[in-house]
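A quick write-up on the structure given underneath.
The values are calculated or read from the model by the stated rules, or taken from the named source; none is laboratory data. Values in this document were obtained by computation on a predicted structure and should not be read as measured data. Glycine also receives a Cβ, built like all others from the backbone with ideal geometry; neighbour counts cover every protein chain displayed.
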Amino acid sequence: MTYGEQELIASLRHKDEQAFSYLYDHYSGTLYGVICQIVENTELGNDVLQEAFINIWRHIDSYDETKGRLFTWMLNIARNAAIDKIRSKGNKQTQRQVAIPNNDSLPLSVSPRLDDFGLKKIILKLKDEQRQLIDLSYFQGFTHEQIAKALDIPLGTVKTRIRSALTQLRSLLS
Amino acid sequence: MNIKEYISSGIIESYVLGLATQQESQEFEKLSAQYPEIAAARNEFELALEQELTSSTVTVSGHIKQNIVQKIFSPVEDTEMAREVSMETKPGSNFIWKWLVAASFILLVGTAFWAVNTSRNAKRLEKERVALLQQLSRTESELNAMKQEAAIMQKPDVKMASMNNASNPMVYATIYWDTTSKDVYLMVNNLPKPASDKQYQLWALLDNKPIDLGMIEARQDKLLYRMKNVQQAEAFAITLEPKGGSSTPTTTPVVLSKL
């Protein structure tokens, strides 16, 4: 059985179990990939993926199609859940809070396997500085203020550079 | 505003990837509802992103789906997961902090309001308390004065004489004369209010001669008026005199007594 996006959304809102099964089968692999790139640990990734899908299911009524596609909404739920997880994980978080690594020692990922797909693969094509900013903001979930403080750059500059990195990223997508 | 510039500013990517601030997101949502070009550009980026990301997947172990399905469709609610998530949420725990800050602020404002209110109430109550104290001390001194007056009237040596009007029984006054100390007290029971240039004067009569016992200051809160002493008297009278009094009565008495 296949669904059009409108149909899928409507069925999900009616709490249709088949629709959920379809949603999971179609998007779990992709979302799991994004989650693992953020938490850098497949075991943690399992937990986050479960949380993400449960949240998607529970909050489907708050999804507003005028604000974006269903996939975008789910992607943001998955990313938020993953960033919540690394923030609540004491060990990793303390390290990250204390110091944002500088350009020279920026580890892109613990496992190289998690770098060669999705956005992580694309940002490899960006300049170091741009890659770092996207890594810090998108994959590590730091706010612009935190980045400005850690890198000792004015907030406005951080914002401008991230925006320009994002438009660069976009051109690499299409 | 320049829509093209806005579209190419990076706001679309920032919004879709969840990196925009809440304020930027709200503005973006407003503008994309207003300008179809913005919504179209957003949709275009979303599709490109979706295509890119769904082109690669990481295999998930099969038991995960079972776990989720069990949690979702089993009747027991899992409250641990009941967290609000939406596209507007800021990355990570910042979201929670914002709420905490907002909640603290509301609490602070509430407390301040309560404090101001309480202090205002306290000031009002203090004012009322002072007013009541003043009222109480006034009442107390009035009561004491009346007790003293009552004591005078009950002394065994005090003679009482009522002074009556010849034609109107409602007009009268009372004399209390202490035959030991010779003090004279007058109780004005009911005398017509004199004209503003007139005043009542009390006389003692001895051998048909009047002796001036003083002017009567009309005051409502006084029960007894202390008048001049007199050694001997056969009768008392009150006449209406020009203000300041006369040396001998110029009118017939308003009230008259016999001891």
The lone condition B:GLN22 fails out of (1) at the interface with chain A (Cβ under 7 Å from one of its Cβ atoms); (2) more than 24 Å from A:LEU49 (Cα to Cα); (3) not aromatic (Phe, Trp, Tyr) is (1)
Can you tell me which residue within the stretch A:141-174, out of those that are facing chain B (nearest Cβ under 9 Å) and in a loop (DSSP other than H, G, I, E, B), is nearest to A:GLN37 (Cα to Cα)?
A:GLY141
I'd like the full set of residues that are among the hydroxyl-bearing types (Ser, Thr, Tyr), more than 21 Å from B:PHE45 (Cβ to Cβ) and more than 18 Å from the chain's Cα centre (by Cα), limited to the stretch A:50-88.
A:SER62
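For the subset of the stretch A:20-44 comprising residues that are of a type in the set (Gly, Ala, Ser) and free of Cβ contacts under 8 Å to residues at least 24 places away in the same chain, which member is farthest from B:VAL60 (Cα to Cα)?
Kept after step one, since they are of a type in the set (Gly, Ala, Ser), are these residues of the stretch A:20-44: A:21, A:28-29, A:33.
Restricting the remaining residues to those that are free of Cβ contacts under 8 Å to residues at least 24 places away in the same chain gives A:21, A:29.
Values: A:SER21: 14, A:GLY29: 6 Å.
Among them, the one singled out is A:SER21.
Just to check your reading of the model, which residue among A:LEU151, A:LEU136, A:LEU126 is over 26 Å from A:ALA81 (Cβ atoms), of a type outside the set (S, T, N, Q) and surrounded by 14 or more Cβ atoms within 10 Å (Cβ to Cβ)? Steps first, answer last, please.
Numbers: A:LEU136 fails: over 26 Å from A:ALA81 (Cβ atoms); A:LEU126 fails: over 26 Å from A:ALA81 (Cβ atoms).
None of the other options fit; the residue is A:LEU151.
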Pairs only if they're at least six apart or on different chains, beta carbon under 6 angstrom, first in the stretch A:73-89 and in contact (Cβ under 8 Å) with a residue 24 or more places away in the chain, second assigned to a helix (DSSP H, G or I) and basic (Lys, Arg); list them, first residue then second.
A:ILE86/A:LYS92
Sort out which residues of the stretch B:5-49 are over 26 Å from A:PHE142 (Cα atoms), touching a helix residue (DSSP H, G or I) at 6+ places or on another chain (Cβ under 8 Å) and not small (Gly, Ala, Ser), and write them in order of number.
B:LEU31, B:TYR35, B:GLU37, B:ILE38
Output for Cβ contacts, cut-off 6 Å, separation at least six or different chains, first residue in the same structural domain as B:LEU202 (by TED's automatic domain parsing) and more than 14 Å from B:TYR225 (Cα to Cα) in the stretch B:160-186, second basic (Lys, Arg) and at pLDDT 85 or above, reads B:THR179/B:LYS159
How many of the residues making up the stretch A:6-21 are surrounded by 16 or more Cβ atoms within 10 Å (Cβ to Cβ) and away from every other protein chain (no Cβ under 11 Å)?
5
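One line per residue, one yes/no per condition, for (1) surrounded by fewer than 20 Cβ atoms within 10 Å (Cβ to Cβ); (2) aliphatic (A, V, I, L, M); (3) farther than 20 Å from B:TYR15 by Cα:
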{"position": "A:LEU23", "(1), (2), (3)": "no, yes, yes"}
{"position": "A:GLY29", "(1), (2), (3)": "yes, no, yes"}
{"position": "A:ASN41", "(1), (2), (3)": "yes, no, yes"}
{"position": "A:GLY45", "(1), (2), (3)": "no, no, yes"}
{"position": "A:ILE54", "(1), (2), (3)": "no, yes, yes"}
{"position": "A:ARG58", "(1), (2), (3)": "yes, no, yes"}
{"position": "A:GLY68", "(1), (2), (3)": "no, no, no"}
Looking only at the stretch A:28-72, count how many residues are of a type in the set (Gly, Ala, Ser), touching a Ser or Thr at 6+ places or on another chain (Cβ under 8 Å) and within 22 Å of A:ARG87 (Cα to Cα).
1
Taking the conditions exactly as written (farther than 17 Å from A:GLY45 by Cα, crowded, with 16+ Cβ neighbours inside 10 Å, facing chain A (nearest Cβ under 10 Å) and among the aromatic types (Phe, Trp, Tyr)), does B:PHE28 satisfy them or not?
yes
